[in-house]
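What follows is one structure encoded as structure tokens, with my remarks underneath.
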Amino acid sequence: MSKREKIAVIEDEADILEVVQYNLRREGYLVVSSRNGEEGLERIRKENPDLVLLDLMLPGMDGLEVCRRLKRGQGTADIPIVMLTARDSEADIVAGLEIGADDYLTKPFSPRVLSARLRAVLRRWDLGEPQAERTSIAADGITLDKERREVTVAGKRVELTYTEFEIIWLLAGSPGKVFTRARIVDAARGTDAAITERAIDVRLVGLRRKLGAAAGRIETVRGVGYRFGD
């Protein structure tokens, strides 16, 4: 790492917090930790971390409310957030992603997976170029040209509809980031006002078929949505 990134961890379970702190510090990160939402918000505002690792099931102010306040707050709205959640809380995962969280981990998780997810989120934010200003994306044999609205796979042009291009542009622009179906609808709607969340699954089937050998780069996140493989 070119600098020691600072990660704020908000987790009320002492054993999990201890393990997370140990592994993050071993990876070279600076760590600031809190055991509840109120304290976590205060520390984030003071410490200005590079990323927040946020448990959703917190006493008092829950993680969703913490996420909501961070994304609405001046000076904190641009801090990436990775949520920690139980395996059976898909509704909370979707809610968090819709509020603005960048990714999530389900408990229990391995230290290697935690490290990989955090590096991926930090790497996306370190790119520094807002997606709205980008005109092209290249990722392992797939090239997207926004101005020409062209997609090529292994040098061969792939004919996509307006909606299909908008979907892959959104996903490929933030590899590894999970997008809910509702978020994809917002990006893809454009001139296709009739598109719905249910229709997104059908559009993704067609898009994958057209991408051929590269279809596997679009991954389904069960019960949540889709992401472009990082």
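The values are calculated or read from the model by the stated rules, or taken from the named source; none is laboratory data. The shown structure was predicted, so the numbers you read here are calculated from the model rather than taken from an experiment. Glycine gets a Cβ as well: all are built from the backbone with ideal geometry, and neighbour counts include every protein chain shown.
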(request) Report the residue count in segment 10-58 for those that are farther than 16 Å from ALA116 by Cα and either in contact with a strand residue (DSSP E or B) (Cβ under 8 Å, 6 or more places away or on another chain) or not aliphatic (A, V, I, L, M) (or both). (result) 32
(request) Pull up segment 127-156, narrow it to residues that are surrounded by fewer than 12 Cβ atoms within 10 Å (Cβ to Cβ) and outside any loop (DSSP other than H, G, I, E, B), then point me to the one that is modelled with the highest pLDDT. (result) LYS156
(message) For a quick check of your reading: which strands (runs of 3 or more DSSP E) sit entirely within segment 20-117 and have at least 2 residues that are among the small types (Gly, Ala, Ser), within 18 Å of ARG227 (Cα to Cα) and not assigned by TED's automatic domain parsing to the domain that holds ARG181?
(response) none
(message) Against the condition of a type in the set (Asp, Glu), in the same structural domain as ASP103 (by TED's automatic domain parsing) and touching a helix residue (DSSP H, G or I) at 6+ places or on another chain (Cβ under 6 Å), how does GLU11 come out, does it pass?
(response) yes
(message) With acidic (Asp, Glu), modelled with pLDDT under 85 and either assigned to a strand (DSSP E or B) or within 21 Å of the chain's Cα centre (by Cα) (or both) as the only criterion, which of ASP201, ASP230 stands out?
(response) ASP230
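Do we find that ALA187 is aliphatic (A, V, I, L, M), loosely packed, with under 15 Cβ neighbours inside 10 Å and at pLDDT below 85 in this structure? Break it down into steps so the answer makes sense when it comes.
Values: aliphatic (A, V, I, L, M): yes; loosely packed, with under 15 Cβ neighbours inside 10 Å: no; at pLDDT below 85: yes.
The answer is no for ALA187.
Would segment 159-169 turn up any residue that is at pLDDT below 85 and either more than 22 Å from ARG117 (Cα to Cα) or touching a Gly at 6+ places or on another chain (Cβ under 8 Å) (or both)?
Step one: of segment 159-169, the residues at pLDDT below 85 are none.
The answer is no; no qualifying residue exists.
Let's see how each residue does on (1) at negative phi; (2) over 22 Å from the mean Cα position of the chain (by Cα):
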position: GLU18; (1), (2): yes, yes
position: TYR22; (1), (2): yes, yes
position: ARG26; (1), (2): yes, yes
position: TYR29; (1), (2): yes, no
position: SER34; (1), (2): yes, yes
position: GLY40; (1), (2): yes, no
position: ASN48; (1), (2): no, no
